[in-house]
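To start, the structure itself, in structure tokens.
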Amino acid sequence: MTRDGIDGETPTLDQARRQVEHYGLTADPQAVLVAVRLISAGARVGRAAEAHFARFGLSTGRYRLLADLEDHGGEKSPSLLAADLGVSRATITGLLDGLEREGLIARRASLDDGRGTVAVLTARGAQRLRDLAPEHFGRLEAMVSGLSVEERAVFLDLLARVVRGSEALVAD
């Protein structure tokens with residue numbers, strides 16, 4: 001694939017047009033290009049996020065879990081964590097196991113349901129979040145510093161609409 005001379009991204013609109021024509025489709029090449037570029041950008045941002053969180057001995061998933069616990073008073077059931085983070089129970093179990101080994105969370109019996117457990121953010125886990133917050137939020141701000149306040153508002157709206165549309169990739 002060639003690179004677009006303007007922003008270095010592939011494919012280009014011309015490539016998308018050629019691919020659509022090659023397959024004899026009526027799809028809008030620009031729509032295809034936007035979707036392909038968004039998928040590529042998501043993967044690129046995801047890789048950068050993993051490298052960023054690795055500086056703090058975390059992964060994106062582990063950070064999201066700790067932050068979600070903190071946002072919910074420091075404790076939450078694994079099933080609610082899985083639902084709110086949009087991952088499987090097996091994924092949550094793996095994340096919790098690793099965080100528990102490091103002393104960043106603990107598990108205890110649920111007060112509401114003696115058969116269930118809850119994950120509890122430990123003092124060490126809360127300290128890890130406090131330690132990374134200045135650099136983390138500074139880097140997040142820097143990541144979008146090329147956008148004005150107004151552009152960020154538009155971007156959030158557009159992003160929400162695209163995320164809702166992402167169901168088209170998995171719909172039967």
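Remarks
- The region of the chain that goes longest without hitting one of the trypsin sites (Lys or Arg not before Pro) in a DSSP loop, each with at most 16 other Cβ atoms within 10 Å, is 56-114.
- Label selected from (i) 16.5; (ii) 19.1; (iii) 18.7, the criterion being Kirkwood radius over Cα pairs in Å as computed here: (ii)
- Accessible area per residue for the chain, computed on protein heavy atoms with a 1.4 Å probe, is 67 Å².
- 5 Å-binned pair-distance histogram of the range 94-172 (Cα, whole percent): 3, 12, 11, 11, 11, 12, 17, 17, 5, 1, 0
- Accessible surface of the chain [probe 1.4 Å, protein heavy atoms]: carbon and sulfur percent: 58
- Put a dot 7 Å past the Cα of residue 67, heading toward its Cβ, do the same for residue 18, and the two dots end up 4.0 nm apart.
- For the chain, with +1 on Lys and Arg beta carbons and -1 on Asp and Glu, the positive-most of 114, 15, 67 along the dipole: 114
- Distance between the pseudo-spin-label points of residue 141 and residue 160 (7 Å out from Cα toward the beta carbon): 2.4 nm.
The values are calculated or read from the model by the stated rules, or taken from the named source; none is laboratory data. These numbers were taken from a predicted model, which means no experiment stands behind them. Virtual Cβ from ideal backbone geometry, glycine too; neighbours counted across all protein chains shown. Quick note on the areas: whole protein, heavy atoms, side chains included, nothing else; ligands and nucleic acids left out. Shrake-Rupley method; radii C 1.70, N 1.55, O 1.52, S 1.80 Å.
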